[in-house]
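Every number here is computed from the coordinates shown, using simple stated rules; none is lab data. These figures come from a predicted structure and were not determined experimentally. With ideal geometry, Cβ positions are generated from the backbone for all residues, glycine too; neighbour counts draw on all protein chains shown.
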Amino acid sequence: MSHQTILVTGGAGYIGSHACVELLQAGFNVAVVDNLGNSKYESLRRVQQITGKTLTFYQADIRDKAALTEIFAKESPSTVMHFAGLKAVGESCEKPLLYYNNNVYGTMILLEVMDESNVRQLVFSSSATVYGQTSLTQYSEDFPLGPINPYGRSKAMIEDILRDLSASDKINPNRSPWKVALLRYFNPIGAHESGLIGEDPNGIPNNLMPYVAQVAIGKLPQLSVFGDDYPTPDGTGIRDYIHVVDLVKGHINAITALNSDAFKDGGCKAYNLGAGKGYSVLEIIAAFESVTGQKINYKISPRRAGDLAEYFANPALAFKELNWKVEKSLNDIVADTWNWQSKNPQGYN
Ligand code: NAD
Ligand code: UDP
């Protein structure tokens, strides 16, 4: 395992930077490719501060095929962890071309370079948003897909491309097979326990946890709770929140699985990464108030378009095949979010 180089696209971002910490601590060499479009190099400086180890950083766009080809030649990675992408649902509805270009076309270029460089091992950041609507609230990997916005469709398209690539192995027996883990994240939140790296959203956050954290610290006046008339016990929406450090540990386990006998003939498999348990918006607010001692000012507002009442992961497959499950509690998540937010009120600025 050690001395393998992992190429991390989007490694300067929220989840990617936490992945770099775990990879370095597990003894891997790390090369990051990031265009810094939604991140700052400071996150990677802090990754190296936390671990006492160095990584190699390339400021490049994954759509730049010449740059990527050169990086692959230099680094000879064994595996690519592919986090680079745009992720704001609302923005994807406004600018679908931007999302398909960055996420789908960008991944196409990455896959071409991987194929041409004979690097066919990939851990991909997919999302629970690829699932279609169903009457069930606990999602398993074999549920039908049916995303409802351009962001989710970009992830589902990439999954399709990867399944097609893997299926093409049979008729290309003379090359090494594709080994792909599609990791479908539920709601990643929290921060590294050091308080040195965390989520640093641009402008006003869209997501619940960074919003609550900014209300707690006084940067934002009030949280809007989007709907209290859902068919849930307290009427507010329920999601499966997962600590970002638990999430990235799932990626390390995925590398182990891809390197194991289970994948010796190749394959492309999806795994849910979630806790398997949901919390409501009001439960999140209560946890934040109890951990931080701060009152969270909120008001009940209309539902947000596109939101479902409740969903959470069935994480059994990841437990069985990746030997992975969440370790951290909601209180850990809130405490680490608060530690990061209060030590870095302006994020990385
Ligand atoms: P992030 O924006 O913090 O990180 C993404 C990183 O990719 C950024 O550093 C950005 O600069 C970089 N990037 C984007 N496009 C690029 C390009 N064309 N070339 C090079 N670099 C590029 O987001 P995150 O929360 O860390 O998410 C990482 C991945 O996980 C994304 O693919 C996202 O869609 C997926 N995901 C995130 C969540 C979530 O709630 N955060 C949930 C499900 C899936
Ligand atoms: N939410 C909320 N107020 C906010 C942001 C989110 O009430 O300012 C609710 C939202 O309706 C959902 C939950 O919090 O029920 C999680 O939302 P988030 O945007 O974090 O994740 P997603 O819904 O995209 O999974």
| field | Mean-position separation - Cα centroids, the stretch 260-330 and the stretch 106-141, in angstrom | value | 18
| Value of [θ]222 nm, deg cm²/dmol, for the chain, DSSP H segments ≥ 4, -39500 (n - 2.57) each, nearest 500 | -11500 deg cm²/dmol
| query | Taking the Cα atoms only, what angle lies between the long axis of helix 244-259 and the longest principal axis of the chain, rounded to 10 degrees? | reply | 20
| Which shape class applies to the stretch 164-237: rounded if a/c is under 1.5, otherwise prolate when a/b exceeds b/c and oblate if not, where a ≥ b ≥ c are the square roots of the Cα gyration tensor eigenvalues? | prolate
| message | Give me 246, 34, 307 sorted ascending by neighbouring Cβ count inside 10 Å, so fewest comes first. | response | 307, 246, 34
| note | Nearest 10, in degrees from 0 to 90: the angle of helix 106-116 to the longest Cα principal axis of the chain is 30
| Relative to the longest principal Cα axis of the chain, at what angle does helix 41-51 sit, 0 to 90 degrees, rounded to 10? | 80
| Taking the Cα centre of the chain as the origin and placing charges on Cβ (Lys, Arg +1; Asp, Glu -1), which of 165, 220, 268 is farthest toward the positive end of the dipole? | 220
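In the structure shown, do any of 219/299; 40/219; 269/320; 295/328; 269/325; 74/249 have a Cα-Cα gap over 19 Å, and if so which? Don't skip to the end; give the middle numbers.
On the way: 219/299 17 Å; 40/219 21 Å; 269/320 13 Å; 295/328 24 Å; 269/325 17 Å; 74/249 27 Å.
Checking Cα-Cα distances, 40/219; 295/328; 74/249 exceed 19 Å.
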| remark: Honestly the stretch 18-94 on the Cα gyration tensor test (a ≥ b ≥ c root eigenvalues; a/c under 1.5 rounded, otherwise a/b vs b/c for prolate or oblate) is just oblate
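Efficiency by 1/(1 + (r/R0)^6): what FRET value for residue 262 and residue 309, r their Cβ-Cβ distance, R0 = 45 Å, to the nearest 0.05?
Details: r = 36 Å, r/R0 = 0.80.
Computed FRET efficiency for residue 262 and residue 309 comes out at 0.80.
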| field | For the stretch 69-79, Karplus couplings with θ = phi - 60° (6.51, -1.76, 1.60), whole Hz, Gly/Pro x | value | 4, 5, 5, 4, 5, 5, 9, 6, x, 8, 8
| Neighbourhood charge, 15 Å Cβ-Cβ cut-off, centred on residue 192 and excluding it, Lys, Arg +1 and Asp, Glu -1 | -3
